[in-house]
Amino acid sequence: MTRRFTITTPIFYVNGAPHIGHAYTSIACDVIARFHRLCGEDVLFVTGTDEHGQKVEQSAVAQNMAPQEFADRVSAQFRQMQKEMAVSADDFVRTTEPRHKKAAQALWEKVAENGYIYLGAYEGWYSTRDEAFIGEEEVTLHEDGRRTAPSGAPVEWVREPSYFFKLSEFQDRLLKFYEDNPDFIGPQGPKREVESFVRQGLRDLSISRTSFKWGIEVPNDPEHVMYVWFDALANYLTAVGYPDPHAAKAAYWPANVHVVGKEIVRFHCIYWPAFLMAAGLPLPKRVFAHGWWTVEGEKMSKSLGNVLDPKALADEFGLDQLRFFLMREVPFGGDSNFSRRSMITRMNVELANDLGNLAQRTLSLIARNLEGILPARGQMTGDDEAIMAQASLLPDLMAEQIERMGISDALEEVWKLIRAANAYIDRQAPWALKKTDPKRMGEVLRVLYDVIRTIATMLQPYMPDTMGRMLDQLAITENERSFEALKMPVEAARILPKPEGLFPRFVEEEKA
Ligand code: ME8
């Protein structure tokens, strides 16, 4: 049976336009989803927008718009951004859709039915920017009298009737679950943070609000709307058709991995598994937190005017170049900084020089010296065998890295092969063999062709468009592009189309 694989992005708040951070998460999930599809798995890749809550309501008011109208507009921008980034999501959940309201309310009812919800009153700090209740001990009082949450966001005192979720009853079950499932949270930093937070003891969680209306009604008590995180986390179930056990997508739960930014790990690794336990539902296999992007060393913010628009970057540098840079620049999980300089350096060194030249040198020699006709494999020398062996190991090495969310490390495996192939071509110097030993020249070019085919096939998840074009130039047909197909050698005498450079060097224009 085909293995199923379910992956999700966080659903993004519609309080502002998408930026490079949202594009990053979306592209990372896209790379993993495409990788699993090319392995032949049956993938469900879900993304969407988080449209309720005080933060969105306030942003709508500031724009003089009704919340729904405002959410429609910004949600469409997220969908558009993902299209522009070639993000191949299978579903896009909006929390204002009827199917989502149904799922969130069904989850609530199940948790209530099992005895984990009670009515009380919340009195304490709330950060609207984080949409989070903040414990007294977590609040910082500044000299000027401001009070802030650990994120730096301002907090306000709220006091309102509220339903509570009995989170305090889940401390031991959560700790046991983390212990039994050591890979549930990754990487190590967030894992330790979550475990120590839970060990310190959990308080019951307020899960409804009464001081505003922009949310999903609590079943049987329309005075209350659901706390936006209860609503939002339920989106992962919406995508699989919950609560209908016979829904077409039901078998895609539990998710294999929820990819999130590190600031929302607590919600995904404490609240979410506790809600699911309370409802008697299976838990996701993994939550993986990636790091935070800054821009030229600064935190992105509207007031600094340094918020990066992914579309503008893709237009300037090329979409695949941008996708490559984002995935390559930082080990997945770590923080990173976007600088034009490193973007351009990676484009010119790794794409134009390393990969672009390897393909261009090989393919133009086949075009020029062999009339574009693919030569047969010949007697292999030790040097040929070594590089072919290295290439044949690549799919498994990358799969291991992807399995442990090493999106950037998987690229490093490809670049090791690319560097080795460039050293091989320099050693073998096929251009010099045309007159002295044309047969050997053909054999060397054939080895290079096979290595480049492996590279282009394996890089498809990262740079789908450019690698598609590279595979076109190698005369690899659409149904020969899966990882499995790499095991079938290409027959000799295929006619390769005229090669064209795929990775132009980027030259920064002189500032006038
Ligand atoms: O938290 N660097 O939504 P959100 C890296 N609605 N990633 C970044 C980033 C940056 N500078 N800025 C944003 C929410 N992100 C909730 C989630 S899920 C049930 C509900 C990415 O719009 C990162 O993945 O604030 C982060 O977790 C997400 O966008 C937060 O988006």
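The values are calculated or read from the model by the stated rules, or taken from the named source; none is laboratory data. A quick note: this is a predicted structure, and the numbers were derived from the prediction, not measured. Note that each Cβ is placed from the backbone with ideal geometry, even for glycine, and that neighbours are counted across all protein chains shown. Note: accessible area is taken over every heavy atom of the protein model, side chains too, but ligands, DNA and RNA are not part of it. Shrake-Rupley method; radii C 1.70, N 1.55, O 1.52, S 1.80 Å.
For segment 1-74, taking the reciprocal of the average inverse distance between every pair of different Cα atoms yields a Kirkwood hydrodynamic radius of 13.9 Å.
Basic side chains Lys and Arg get +1 at the Cβ, acidic Asp and Glu get -1 at the Cβ, and with that the dipole of segment 428-512 about its Cα centre reaches some 460 debye.
Can you tell me which of 361-372, 316-327, 134-145 comes out highest on packing, and rank the rest after it, using the mean Cβ neighbours within 10 Å? Spell out each step's value before the answer.
On the way: 361-372: 17.9, 316-327: 21.8, 134-145: 9.9.
Going from most to least packed, we get 316-327, 361-372, 134-145.
Rounded to 0.05, the FRET efficiency of the ALA485 and ALA429 pair, given R0 = 35 Å and the Cβ-Cβ distance, is 0.70.
Using the Cα gyration tensor of segment 69-111, with a ≥ b ≥ c the square roots of its eigenvalues, what is the shape: rounded (a/c below 1.5), prolate (a/b larger than b/c) or oblate (neither)? Mind showing how you got there, number by number?
Numbers: a/c = 4.40, a/b = 1.93, b/c = 2.28.
Since a/c reaches 1.5 but b/c is at least a/b, the shape of segment 69-111 is classed as oblate.
Peptide packing: for 80-87, 111-118, the average count of neighbouring Cβ atoms within 10 Å per residue gives the ranking 80-87, 111-118, highest mean first.
Leaving out ligands, DNA and RNA, what percent of the accessible area of the chain is carbon and sulfur, probe 1.4 Å? Let's see the in-between values first.
Working: 11430 of 22360 Å².
On the chain, the fraction of accessible area on carbon and sulfur atoms equals 51 percent.
For segment 138-255, a simple Cβ point-charge model (Lys and Arg +1, Asp and Glu -1, everything else neutral) yields a dipole of about 100 debye relative to the Cα centre.
I need the shape label for segment 127-232. Rule: rounded when a/c is under 1.5, else prolate if a/b > b/c, else oblate, with a, b, c from the alpha carbon gyration tensor. Don't skip to the end; give the middle numbers.
Working: a/c = 2.18, a/b = 1.22, b/c = 1.79.
The shape class here is oblate.
Label sites at ARG340 and GLN80, each approximated as a point 7 angstrom past Cα along Cα to Cβ, lie 2.5 nm apart.
For GLY261, the amide hydrogen comes within under 5 Å of the amide hydrogens of HIS290, counting only partners 5 or more places away or on other chains and with H modelled in the peptide plane. I want to make sure I understand the PRE zone here: with the label point 7 angstrom from the Cα of LYS285 toward its beta carbon, which residues in segment 317-340 have backbone N atoms less than 20 Å away? So the set is 332-333.
Each label point is 7 Å from the Cα along the Cα-to-Cβ direction; what then is the distance between the points at ARG199 and VAL307, in nm? Distance between label points: 3.9 nm. Here's the picture: charge each Lys and Arg Cβ at +1 and each Asp and Glu Cβ at -1 in segment 354-507, and of ILE366, THR454, LEU474 the one pushed furthest to the positive end of that dipole is ILE366. Per-residue packing, averaged as other Cβ atoms within 10 Å, sorts the ranges 442-454, 233-245 into the order 442-454, 233-245, beginning with the highest. Between GLU509 and ASN220, the FRET efficiency from the beta-carbon distance, with R0 = 51 Å, is close to 0.20.
Where the alpha-carbon atoms of segment 261-332 are placed on the principal axes, they occupy 49, 30, 20 Å, in descending order.
Treating only the Cβ atoms of Lys and Arg (+1) and Asp and Glu (-1) as charged, compute the dipole magnitude of the chain about its Cα centre; round to the nearest 20 debye. Walk me through the intermediate numbers first.
Working: 59 positive and 72 negative charges, 254 e Å.
With Lys and Arg at +1 and Asp and Glu at -1, about 1220 debye.
Spin-label model, GLU298 to THR477: label points 7 Å out along the Cα-to-beta-carbon direction sit 5.5 nm apart. Say a paramagnetic label sat at a point 7 Å from the Cα of LYS176, along Cα to Cβ; which residues of segment 263-283 have their backbone N under 17 Å from it? The answer is 273-283, whose backbone nitrogens lie closer than 17 Å to the label point.
Take the alpha-carbon centre of segment 474-512, take the same for segment 77-126, and report the distance between them in whole Å. With segment 474-512 and segment 77-126 each reduced to a Cα centre, they are spaced 42 Å.
Mind running the shape call on segment 279-387? Use the C-alpha gyration tensor, a ≥ b ≥ c as the square roots of the eigenvalues: rounded below 1.5 for a/c, prolate if a/b tops b/c, oblate otherwise.
On the way: a/c = 3.00, a/b = 1.67, b/c = 1.80.
In terms of gyration-tensor shape, oblate.
Amide H contacts under 5 Å for ASP221: none, restricted to partners 5 or more places along the chain or on a different chain, H placed in the peptide plane at 1.01 Å from N. From the alpha carbon centroid of segment 311-338 to that of segment 60-75 is 30 Å.
As an exercise, use a Förster radius of 56 Å and the Cβ-Cβ distance of ASP144 and THR436 to find the FRET efficiency, rounded to the nearest 0.05. Display every interim value, and only then the final one.
On the way: r = 80 Å, r/R0 = 1.43.
The formula returns an efficiency of 0.10 here.
Starting from a Cα-only point model with no solvent, please compute log10 I(q)/I(0) by Debye for segment 62-210 at q = 0.10 1/Å. Normalising to I(0) and taking log10 leaves -0.56. At a probe radius of 1.4 angstrom, the accessible area of the chain per residue rounds to 44 square angstrom.
Within the chain, all pairs of alpha-carbon atoms sorted by distance into 10 Å bins from zero give the percentages 4, 17, 26, 23, 15, 9, 5, 2, 0. Here's the picture: charge each Lys and Arg Cβ at +1 and each Asp and Glu Cβ at -1 in segment 375-500, and of ILE418, PRO395, ALA493 the one pushed furthest to the positive end of that dipole is ALA493. The residues THR96, THR210, THR457, sorted by heavy-atom accessible surface at 1.4 Å with ligands and nucleic acids left out, run THR210, THR96, THR457 from largest to smallest.
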